[in-house]
Amino acid sequence: MTDPAVGLVLEGRYRLEERLARGGMSTVYSATDLRLHRTVAVKVMAEHLAHDPTFVDRFTREARAAAMLSHVNVVSVSDQGSDQGLVFLVMELVRGRTLRDLLQARGRLTVGEAFAVLEPTLAGLTAAHRAGIVHRDIKPENVLIGIDGVVKVADFGLARAVVGTGQTSQTGGVLIGTVAYLSPEQLERGRADARSDIYAAGIVLYEMLTGHPPFGGDTPLAVAYQHVHHDVPAPSEEVPGLPWAVDELVARTTRRDPSGRPLDAGAFLAELAHVRKDLGIEPVPVPTGISTAGPDTLRPTNRPTRPRHPSDPMTEVLGHRSDRAGRTAMLPGMGAGPTTSVGGRRPALERPRPGVPTHIRRRRARFAVAIILLLAVTIGAVGWWLGSGRWTQIPDLLGEEQGVAIDLLQEAGLDPDCCEEQWSEELPAGAVISTEPAAGEAIRGTDVRLVVSKGVERFRVDTALVARPWAEVEPELQESLPQIAFTLTEEHDNELPAGAVIGFDPPAGTELRRDQVVTVIVSMGHAPVAVPDVTGQTPEQAASNLAAAGFEVARGEDGRSAAVDAGEVMGIAPSPADGPQPFGSTVTISVSAGLPQVTVPDLKGMSSEEATAALQAVGLTVDATKFLGNRVRAQQPEAGEVVEQGTTVKILVAP
């Protein structure tokens with residue numbers, strides 16, 4: 001039946017050419033980008049979900065999460081939108097198959113092949129974790145293997161950005177994800193961080209090595225119970241001969257306690273590299289599953305596949321068939337590894353039991369001896385554990401880098417509780433300040449709290465606060481820098497008005513420690529100015545000189561002066577002798593109207609000597625005319641007239 005969407009052009013740009021795959025939530029089409037003339041994959045949300053805000057939000061979140069990443073091992077998303085009632089994503093078209101398809105065809109992978117697939121998967125996941133994104137749905141369906149051998153991580157629909165606590169939480173009371181790969185903390189509390197992706201990647205590694213997930217059951221609840229209450233078994237129990245280091249790697253990455261796992265995908269990738277080096281595993285090409293018939297058997301892998309593994313109650317066991325005796329046999333094309341039933345366990349073989357021959361009795365005897373030896377070893381191990389074996393040493397981690405400290409604690413059998421951060425004046429950022437408990441003896445498995453340095457704590461006064469009024473600056477400093485103590489001092493400043501901030505000591509912009517005292521220098525205004533001596537100058541000259549010095553000039557009442565000519569400044573108030581005056585204050589000048597005036601005294605009847613003394617006493621000069629006598633008989637000007645000082649008074653001296 002023809003898909004009605006084929007042929008549609010979305011947003012005038014993406015023409016849907018062919019339906020590639022359909023799932024419960026979406027359908028994937030190959031499409032032509034008419035603008036850039038390239039082939040892309042378009043994922044279209046199922047019509048019955050397009051009006052559900054929860055699923056539309058998930059769809060949008062996938063676009064945003066993937067768009068934040070630019071990495072060769074992450075399927076790129078280039079566009080998102082809605083048109084003609086269809087909600088869609090535009091992404092890179094990857095031709096090849098999913099890891100699920102490969103496992104269904106092969107059964108299981110070799111250690112080298114599993115590493116070849118896991119390394120680029122973790123590289124893409126590292127890019128997500130470094131960007132603060134937790135995928136939350138790592139599984140074989142979301143690992144795409146291109147025909148060129150490039151591995152890509154897909155489907156960020158459940159991704160969440162890491163917030164304050166470093167975790168994401170599922171809202172709405174509904175846990176979404178594939179139960180076979182969900183970590184215990186997701187199942188119990190609905191919370192996830194980068195270590196939850198590590199758990200899922202560890203489960204995928206187990207599945208690649210054994211051909212099936214570690215836990216199976218008839219219902220998802222049964223599978224979830226095993227994830228929460230049971231440790232993941234060693235892959236070598238299913239595939240004898242696997243190196244112990246691989247078992248240890250699976251165990252470390254799938255610990256039920258998140259603090260025991262690597263911190264993020266980058267740490268997992270580093271551990272994988274160490275295991276590869278220690279075991280001397282040479283790199284092998286990524287298994288693409290291309291048959292000898294050529295690549296036409298492959299389809300694009302951008303498809304919303306459904307989980308197809310034994311933990312899904314609705315999933316049949318693919319790649320197996322049963323013989324008439326009920327045993328499980330391997331189909332052609334599968335790997336050489338063991339096969340599994342729906343419950344995730346290897347089926348027991350049925351053997352005839354006609355009697356108990358001698359060789360059987362001998363075998364039983366050897367088995368009994370082995371049991372006795374095993375009990376002895378077990379008792380010895382328990383005794384060792386109860387004695388000294390359960391004790392270990394908390395190393396002295398002071399000054400160690402955070403990652404190194406975590407590795408040392410894990411090597412000592414302790415669980416790192418990472419990390420409380422504190423400021424430190426002595427240790428650089430990322431170095432361990434202290435541990436709780438401190439270095440010394442402890443029981444294995446003890447949680448050790450790491451206190452890590454954030455580096456030196458420093459504060460800065462904003463340079464933009466200089467020259468602003470202190471009344472405005474003070475509340476801003478109290479709000480933005482409560483850790484710093486401020487004191488106030490005042491100084492004259494010839495540029496800034498009174499009340500403005502001249503500066504800080506230490507200067508603004510200097511790095512300051514907590515509780516450091518900073519002095520705020522506030523302007524008292526212009527410094528006092530000396531009054532210039534303008535005596536003897538014209539009023540205009542005097543006013544100009546006083547204004548240049550910063551004074552306002554006022555004209556007082558004119559006066560008379562014997563020392564200053566008429567029309568010149570004879571007095572200043574305040575005067576230079578009064579000392580410096582406030583900048584901008586008023587100086588009053590008085591202008592001379594001429595010499596001082598005096599009243600001519602009455603000289604008549606005085607002797608010549610007495611008249612001369614009386615005139616000189618008031619600043620007048622004498623011009624005497626004498627006739628045989630010594631008494632003043634006449635004077636000019638007359639007595640009582642007002643004249644200027646220095647005026648000559650003529651007197652007539654006669655008998």
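How much of the DSSP beta bridge set in region 597-654 is antiparallel, as a percent to the nearest 5? Restricted to region 597-654, the bridges split so that about 60 percent are antiparallel.
At 10 °C and 1.306 mPa s, what whole-number value in µm²/s does Stokes-Einstein give for the translational diffusion of region 385-456, with Rh from the Kirkwood sum over Cα pairs?
The estimated diffusion coefficient comes to 131 µm²/s.
Using the Cβ-Cβ distance between ARG35 and THR378 with R0 set to 60 Å, the FRET efficiency from 1/(1 + (r/R0)^6) comes to roughly 0.30.
Counting only residues at least eight positions apart within a chain, or on another chain, the aspartates and glutamates with an alpha carbon under 19 Å from that of LYS604 are ASP623, GLU638, GLU641. The simple Förster model, with R0 at 22 Å and r as the Cβ-Cβ distance, assigns THR463 and GLU426 a FRET efficiency of 0.15. Amide hydrogen proximity for THR621: with H placed 1.01 Å from N in the peptide plane, the residues at 5 or more positions away or on another chain lying under 5 Å are GLY646, THR647, THR648, VAL649. In region 9-93, the C-alpha radius of gyration followed by the widest Cα-Cα span (Dmax) gives 12.3, 34 angstrom.
Across the alpha-carbon set of region 552-628, the Rg to Rh ratio works out to 1.26, Rh being the Kirkwood radius.
Placing unit charges on the Cβ atoms of the charged side chains and taking the dipole of region 9-93 about its Cα centre, the candidate lying farthest along the positive direction among HIS51, VAL40, LEU10 is VAL40. Taking label points 7 Å from Cα along the Cα-to-Cβ direction, ASP396 and GLU411 give a separation of 1.7 nm. The spacing between region 601-655 and region 485-514, judged by their C-alpha centroids, is 74 Å. Using θ = phi - 60° in the Karplus curve 6.51 cos²θ - 1.76 cosθ + 1.60, the 3J(HN,Hα) couplings for region 120-136 round to x, 4, 5, 5, x, 5, 4, 4, 5, 5, 5, 7, x, 10, 9, 5, 6 Hz; x is entered for Gly and Pro.
In what sequence do TRP423, TRP470 fall when counting other Cβ within 10 Å, fewest first? Kindly include the intermediate steps, with their values, before the conclusion.
Values: TRP423 15, TRP470 19.
Fewest to most other Cβ atoms nearby, the residues stand as TRP423, TRP470.
Roughly speaking, what % of Cα-Cα pairs in region 476-542 are separated by over 13 Å, rounded to a whole number? Summing the P(r) of region 476-542 above 13 Å gives 71 percent of all pairs.
Of GLU476, GLU426, the sequence from fewest to most neighbouring Cβ atoms within 10 angstrom is GLU426, GLU476. For region 597-654, the share of alpha carbon pairs falling in successive 5 Å distance bins from zero is 5, 24, 36, 21, 10, 3, 0 percent. Ranked by how many other Cβ atoms sit within 10 Å of their own Cβ, fewest first, the residues SER424, SER183, SER523 fall in the order SER424, SER523, SER183. Computed log10 I(q)/I(0) for region 55-111 at 0.22, 0.28, 0.29 Å⁻¹: -0.90, -1.08, -1.12, from the Debye equation with unit scatterers placed on every C-alpha and solvent omitted. Contact order, relative form, for region 597-654: 46 percent (alpha carbon pairs under 8 Å, 6 or more residues apart, mean separation divided by residue count). One equal scatterer on each Cα of region 539-591, no solvent, Debye formula: the resulting log10 I(q)/I(0) at q = 0.23, 0.26 Å⁻¹ is -0.86, -1.05. The tail of the calculated P(r) for region 514-655 beyond 20 Å holds 62 percent of all Cα-Cα pairs. Residues whose amide H comes within less than 5 Å of that of GLU568, counting only those at least five positions distant or on another chain, are SER592 (H built at 1.01 Å from N in the peptide plane). Applying 1/(1 + (r/R0)^6) with r as the Cβ-Cβ distance of VAL9 and GLU282 and R0 = 41 angstrom yields a FRET efficiency of 0.25. Shown in residue order for region 607-618 are the 3J(HN,Hα) couplings computed by the Karplus curve 6.51 cos²θ - 1.76 cosθ + 1.60 at θ = phi - 60°: 6, 4, 5, 5, 5, 4, 5, 5, 5, 5, 4, 9 Hz (x for Gly and Pro).
The numbers here are math on the coordinates, done by the rules we state, and not lab data. Just so you know, these numbers come straight off a predicted model, no measurement behind them. Cβ sites come from the backbone with ideal geometry, for glycine too, and all protein chains shown count toward neighbours.
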